[in-house]
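Below: one structure, written as C-alpha cells.
The values are calculated or read from the model by the stated rules, or taken from the named source; none is laboratory data. Note that the structure is predicted; figures quoted are calculated from it, not measured. Every residue, glycine as well, gets a Cβ built from its backbone with ideal geometry; the counts of neighbours run over all protein chains shown.
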Amino acid sequence: MKLFRLHADDCYVRIRQAGGKARLRPLGNCLFIGSLGFCLVSLLVFGIWAFAGGFLSRHLGEAGFYAACAIAFVGLSGALFDRLVIDPNSLGRFYGLFTASFIAYALLWCAAWFILRRPSSEWYGLLCGPRMAGLVGSLLGTLAMAAGLCAGFGNWQPFWKNALILFVTHTAGYFLGDLLFTWLRSEGAAQMLEGILSRPGRNFAAKLAWGFGYGLGFGLGMGHNLFVLQVPLRKQLATP
C-alpha cells in the first residue's frame, strides 16, 4: 500500500526535510504505550457496551452495534498508535492505513463470530461455540492486521513473526478478558463480592474486565509490530 507513503524511504525523506526530527522510541516504550494506551481505549469502547449495549443493539441491530464499536476503536486508537510511528508528520497517513487494516481485522473476526458461535448440530458443535469463534476470529483477524501493516510500511520480512506474536498476545488478552467476564458473573463471585458489588454492578464490571484483557493483549502485540516494521527506517536514520 504505497498510497499511504509510510515506506522507510518515504519517511526518511520527510524526516530529513523536516530537519531530522524523529520519534525513535525503544521497544520497551512501544510495548508500554501500546498495551497501556490501547487498554484505556478498550475500556472506553467496552464501556459503551456496558452502558448502552442493549439500547444500541435494539436500535442498530447486532451488526450495527459491532460496527459502531469498530468506528470507536478506529477513532480513538489511530492517534494512539501513531505515536509509535517514527515519522512525526504521519498522523493522516497512519490513520488511513490503520483504518483499512482494522476494518479487515474486524470483518474477519465478525465473520468467524457470526458463523461459528452457534452450533447447528451436535457433531458440528465440537468445532463451534463462542470460544472457538473467538479463536478462529483472532487468527483470521490478526493475520489481516499484520498483513495490512506490513503492506503499509513496505516491510514483509517480519510478517510471519509479527502475525504470530500479534495472534498470541491478542488471543491471550481476549481469553483473559473472557475468563474475568465469566468469573465476575458466576455464583462464586457473587458470594465473594457480596455487599461490595450488586448483580448489575458485577455485570458492568465483567464487561469492563473483558475490555481490560482484550486491550492489554492487542495493544502489546501492536506495539511490537510497529516497532519491528520500522527497523529499516531506524537503520537509515542511524547512517550518517
Test: residue in region 210-227 that is in a loop (DSSP other than H, G, I, E, B) and either at pLDDT below 95 or farther than 25 Å from Leu36 by Cα (or both): no
Region 18-47, residues that are at pLDDT below 90, out of contact with any helix residue (DSSP H, G or I) (no Cβ under 9 Å at 6 or more places or on another chain) and not aliphatic (A, V, I, L, M): Gly19
Any chance Leu233 is buried (at least 19 other Cβ atoms within 10 Å of the Cβ) and assigned to a helix (DSSP H, G or I): yes
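Mind counting the residues in region 77-119 that are hydroxyl-bearing (Ser, Thr, Tyr) and either closer than 25 Å to Ala18 by Cβ or modelled with pLDDT under 95 (or both)?
Total satisfying the criteria: 4.
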Restricting region 194-209 to residues that are of a type in the set (A, V, I, L, M) and not in a helix (DSSP H, G or I), the residue that is modelled with the highest pLDDT: Ile196
Only listed residue being under 20 Å from Gly213 (Cα atoms) and either in contact with a His (Cβ under 9 Å, 6 or more places away or on another chain) or of a type in the set (A, V, I, L, M, F, W, C) (or both), chosen from Phe94, Phe98, Phe102: Phe102
Selected residue (criterion: nearest to Arg16 (Cα to Cα)) from residues of region 204-240 that are touching a residue at least 24 places away in the same chain (Cβ under 8 Å) and of a type in the set (S, T, N, Q): Gln236
Flag for Gly19 being assigned to a loop (DSSP other than H, G, I, E, B) and either among the hydroxyl-bearing types (Ser, Thr, Tyr) or free of Cβ contacts under 8 Å to residues at least 60 places away in the same chain (or both): yes
The one condition in (1) out of contact with any Lys or Arg (no Cβ under 8 Å at 6 or more places or on another chain); (2) more than 21 Å from Ile48 (Cα to Cα) that Ala190 fails to fulfil: (1)
